[in-house]
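Novice: Structure below; questions to follow.
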Amino acid sequence: MLSHPTVDRLRELGLIGMVHALEEQRRQPDSNDLGFDDRLAMLVDREVLERDNKRLKARLRFAGLRQVAAPEDVDYRAHRGLDRAMFQRLAQGEWIERQQNLLITGPTGVGKTWLACALGQRACRDNRSVLYQRVPRMLEGLGLARGDGRYARMLKSLARVQVLILDDWGLTPLTAEQRRDLLEIIDDRHGRTSTIVTSQLPVDNWHAHIGDPTIADAVLDRLVHSAHRLELRGESLRKLRAAKNVKLDEATAN
């Protein structure tokens, strides 16, 4: 008799997980055999799960990961020099607890962005804040933000996220202003948070890419010395998969 008012009250309180669990119990006659404590525990567990899922969706939405990826889906059969044991340790997230960095380098198409996003997704699942940024677009955005008063706020947002993914590092030349912006970002995060960098350039070439020796020394000292490295190699996985699909299409046609 009180079931409908109770459901309404639960909805008003925002306890949607409990609502769903209560409705499921009402549809399952066996639930009547459970004691009050057991049924209440099931309601509470469902509410906790619902809230955890909601928070995870919010973290993933904020992260804006470029690829839908997860560590459990990594293809270790691909010949690209990926150390399975190391990657699985990275997925555990201890390096994030230690405010260390991760550098993923290798030629185009070997899965650098995908792997970075997989680690970002795992960090979101572990209740950590994550943000994905392509370096060229981020630096352009900072330039625009400087002109309309959002610069300090944008730097603060980049500084406080627990895992910042900087994709396509070294893809375009840097202006003097962009070098200084890069130093601000890396300096703000040094020793406080973790950064994942993906780049086609070997780390040894980063100093020359940054250009200004003084700024390059400062950036790399903060970024590289406390970093783990995944140095990938091999042919583009996209190219190999495309060739495989062509062969399949040819075989089907024949």
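Rule-based calculations on the coordinates, nothing more; no lab input. Remember, it's a predicted structure, so these values are computed and weren't measured experimentally. Note that we place each Cβ from the backbone using ideal geometry, even for glycine, and neighbour counts take in every protein chain shown.
Novice: Which number do you get for Rg(Cα) / (2.2 N^0.38 Å) in the chain?
Specialist: Scaled against compact globular proteins, the figure is 1.32.
Novice: Restricting to Cα atoms and excluding each atom paired with itself, what does the Kirkwood estimate give for segment 1-100 in Å?
Specialist: Result for segment 1-100 stands at 17.5 Å.
Novice: Could you give the angle, 0 to 90 degrees to the nearest 10, between helix 112-125's Cα long axis and the longest principal axis of the Cα atoms of the chain?
Specialist: 30 degrees
Novice: May I pose another question? Which residue, Leu15, Val130, Val197, has the largest displacement toward the positive end of the dipole of the chain when charges sit on each Cβ (Lys, Arg +1; Asp, Glu -1)?
Specialist: The residue sitting most towards the positive pole is Val197.
Novice: To continue, here is another question. Helix 16-27 versus the longest principal axis of the chain: what is the Cα-based angle in degrees, 0 to 90, to the nearest 10?
Specialist: Long axis of 16-27 versus the principal axis of the chain: about 40 degrees.
Novice: Report, in degrees rounded to the nearest 10, the 0 to 90 angle that the Cα long axis of helix 213-223 makes with the longest principal axis of the chain.
Specialist: Tilt relative to the chain: about 30 degrees.
Novice: Nearest 500 deg cm²/dmol is fine: what mean residue ellipticity at 222 nm does the chain get from its DSSP H runs of n ≥ 4 alone, each adding -39,500 (n - 2.57), divided by its residue count?
Specialist: It comes out at -18000 deg cm²/dmol, rounded to the nearest 500.
Novice: Neighbour counts of other C-beta atoms within 10 Å: give me His190, His207 arranged from fewest to most.
Specialist: His207, His190
Novice: For a quick check: with amide H placed at 1.01 Å from N, whose amide H comes under 5 Å from Ile165's, ignoring anything fewer than 5 positions away on the same chain?
Specialist: The answer is Leu131, Tyr132, Gln133, Ile196.
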